[in-house]
Amino acid sequence: MPTKFVRFPVLQQRGIVKSWPMLKRRIERDGFPPGRMIGPNSRAWTEDEIEDWIASRPVAGPEPRGIAKRRRGRPRKTDGTETTSAARRRPPQRVAFCIQAT
């Protein structure tokens, strides 16, 4: 079976990278395969290279430590008086006035 080559837009569609600088970081830091040049300005990867790299990635990261464990943001109300975000953002009601000529 012939090897299928994959170009950069396919990497973006799969969610592996979002930009060329991110691809460079993946190659340098995360061990992503550098691919091969198939033209003067064209780079491609084989399906097998990509699948092997994905399989080698960890499933979950390490447990958060220290301040990263803490929940961020404003504390939530727990007594049942909390309002929905839609209610807080509701614009004020406008009243229309009609002037009648006499």
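FYI, it's all coordinate maths here, none of it is from the lab. As the structure is a prediction and not an experimental result, all values here were calculated from the model. A quick note on method: Cβ atoms are made from the backbone with ideal geometry, for glycine too, and the neighbour counts reach across all protein chains shown.
Worth pointing out:
- Karplus-derived 3J(HN,Hα), 6.51/-1.76/1.60, for each residue of segment 48-64, Hz, glycine and proline x: 5, 4, 5, 5, 5, 5, 4, 5, 7, 6, x, 6, 9, x, x, 5, x
- Residue-by-residue Karplus 3J(HN,Hα) for segment 33-45, coefficients 6.51, -1.76, 1.60, Hz, glycine and proline x: x, x, x, 9, 7, 10, x, x, 9, 10, 10, 9, 10
- In this structure the amide hydrogen of residue 32, modeled in the peptide plane, comes within under 5 Å of the amide hydrogens of 27, none closer than 5 places in sequence on its chain.
- Amide H contacts of residue 17 (H built 1.01 Å from N, under 5 Å, at least 5 apart or other chain): 12
- Spin-label pair residue 48/residue 10, simplified geometry with 7 Å Cα→Cβ offset, distance in nm: 1.4 nm
- Model label points for residue 100 and residue 41, set 7 angstrom from Cα along the Cα-to-Cβ axis, are 7.3 nm apart.
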